[in-house]
Each structure stands twice: as C-alpha cells, then as structure tokens.
1. Arrange the peptides 172-185, 57-70 so that the one whose residues have, on average, the most other Cβ atoms within 10 Å appears first.
2. Return the whole-Å distance between the Cα centroid of segment 63-121 and the Cα centroid of segment 128-199.
3. Would you kindly derive the ³J(HN,Hα) couplings of segment 100-112 from the backbone phi angles with the Karplus curve 6.51 cos²θ - 1.76 cosθ + 1.60 (θ = phi - 60°), listing them in order in whole Hz, with x for Gly and Pro?
4. Would you kindly give the portion of the calculated P(r) for the chain that falls above 30 Å, as a percent of all Cα pairs?
5. In whole angstrom, how long is each semi-axis of the equivalent ellipsoid of segment 75-168, when you take the square root of 5 times every eigenvalue of its Cα gyration tensor and sort them from largest down?
6. For segment 1-39, which trypsin sites (Lys or Arg not before Pro) are in a loop by DSSP, counting at most 11 other Cβ atoms within 10 Å?
7. What ranking do Glu98, Glu192 get, fewest neighbouring Cβ atoms within 10 angstrom at the top?
8. How large is the helix-only mean residue ellipticity at 222 nm for the chain, computed as the sum of -39500 (n - 2.57) over DSSP H runs with n ≥ 4, divided by its residue count, in deg cm²/dmol to the nearest 500?
Amino acid sequence: MYEGAVQDLIDELGRLPGVGPKSAQRIAFHLLSADPVDVRRLVDALTEVKARVRFCDICGNVTQEEQCRICRDPRRSLSQICVVEEPKDVVAIERTREFRGRYHVLGGAINPIAGVGPDDLRIKELLTRLANGEVTEVILATDPNVEGEATSTYLARMLVPMGLTVSRLASGLPVGGDLEYADEVTLGRAFEGRRRINA
C-alpha cells in the first residue's frame, strides 16, 4: 500500500478492464516518472473523449456527431444489419472490407450472472430499425462465448418469425492453428460450418 494520491491512482487504474493490480502499479509509476507534458496530453485526451464522443443515434457506434460515418454513408446497403456487442467489434469487421451494410451495436451481451438482461441492451432500438421493412438480412456477430451465444439465440428467436434472413457468423479453427490445440467447442463449430468444395 502506498500513500494518498499514489494509491488513489493505482486504485483508479485497477478499475480499468484488463488492468490488474500489478499493471496498475506499473502504469502509475510510469506516469509519476513521465514528462509532465506527456501526462498533460493523456489528461487532455481523456477529457476530450468524455466531452466530445457520444453514441450514434441510429446504430449505437461511437461518434462525435449525431450519426456515425457508417450511418451517414449513402453507399452502405440499407438491407443488411450486422449486430455486434461493442463498437470495437465494428472496427474489427470493417478491417475485413467484406461487409457493406449497416451495423447495430447492442452495448453488451446477455449475462444473467452480471445482471445484464435483454432490457439492458439496445434490442428495442434494433426492432425499431427493422419495423420499416427496408432490412432483409440480419447478421448476428456476437462473440463466440456463452454470453454471445445466449444473445444470438435470443435475437434469432425474436427475428426469424419476422420473416427476415437471420445468419450467424461462422466460427471454427483459426488459420495457422493446429487441430490438437483446438478445444471441443471450436472443433465442433468447425465441423458444423464446413463447406462443400467444388472441383
């Protein structure tokens, strides 16, 4: 335990996701020894992001305007919506350059243990977006974990009766991986998602 401000800084850093006690301590001491100009830039960046960044009125992605650049882009297809958990997932999918539709960010996944239910996510907003009939396909791109699967299943049960094409991102073996290191769920998914090869 350290005194006063140092311990307060370590405690606050430790509250960040993925930052454990040791990492929080390392970051705190790095900041203590850093040039004051560098620390001021960090403080300014944090202040700026809290003051200017908000969530898109349409999809829930991060933006500095009312709508994000993807929702403003007239070249994006209105017939497809890719449902993701967090804004960082939008960035990951955009990097592939494979999807030209729109997104819907839920703001998390169903997780009863953490007290997150369907009403805590942006599911009502998704249903509102689907009401006008422009969207014909919804791609469920939630994380391939227990919470993501629960969320995907919940949404599929709600969306399929609406007459929409509902699909789930395929999952399976990573490129460059070895079969012996794959867990049973991943290997099972790889078998489920296998594709026919045409010569």
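1. Peptide ranking by packing, descending: 57-70, 172-185.
2. Answer, in whole Å: 15.
3. Once θ is set to phi - 60°, the couplings for segment 100-112 become 10, x, 10, 10, 9, 9, 6, x, x, 9, 4, 8, x Hz.
4. 40
5. 20, 16, 11
6. Arg15
7. So the residues, fewest neighbours to most, are Glu98, Glu192.
8. -13000 deg cm²/dmol
Read the figures in this text as sums done on the coordinates, not as results from a lab. None of the values given here were measured: they were computed from a predicted structure. Cβ coordinates were reconstructed from backbone atoms using ideal geometry, including for glycine residues, and neighbour counts include every protein chain displayed.
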